[in-house]
Amino acid sequence: MNYVDANILIYSIRDSTVKGVKSRELLENQRVVTSILSLDEVAYKLLKDSRENAINAVSGFSTSQNLILIPFLPEDIDSFKELLEKGLDPRDAIHALTAKKMKCPVIYSEDADFDKISDFVRKTPW
């Protein structure tokens, strides 16, 4: 299974260009993994539009059969610190450690910071 960063989820909801189309196709056609943190990021972004949109998006993603939500647990903290030491920002570190923990060969993201990690390949769906 592959990993999706929050930006792919956000594009799937808010973008009508090829980024949104390809993000939606990915989420409809593949079973993928993401950190529970992604729901926070989606909600935060969509709250700028409307609280109802944010709640609907979180509800939709949390019940999707193709999206597996993985928690950040106390046993992940050492891995988290290692990724911070490699220069990742805290949220990126949580996404990266979740992808590593779930043995995802690919992380779908626009964020080039994930290129610093050799445990997976970063791709975009477009």
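Here, each number is a calculation from the coordinates, and none is a lab measurement. These numbers were taken from a predicted model, which means no experiment stands behind them. Don't worry about glycine lacking a Cβ; one is built from the backbone with ideal geometry, like all the others, and counts go over all protein chains shown.
Within segment 11-59, the set of residues being under 10 Å from the mean Cα position of the chain (by Cα) and either of a type in the set (Gly, Ala, Ser) or within 19 Å of ALA93 (Cβ to Cβ) (or both) comprises VAL33, THR34, SER35, ILE36, LEU37, SER38, LEU39, GLU41, VAL42. Looking only at residues of segment 98-110 that are part of a loop (DSSP other than H, G, I, E, B) and of a type in the set (D, E, K, R), we find that the one that is surrounded by the fewest Cβ atoms within 10 Å (Cβ to Cβ) is LYS103.
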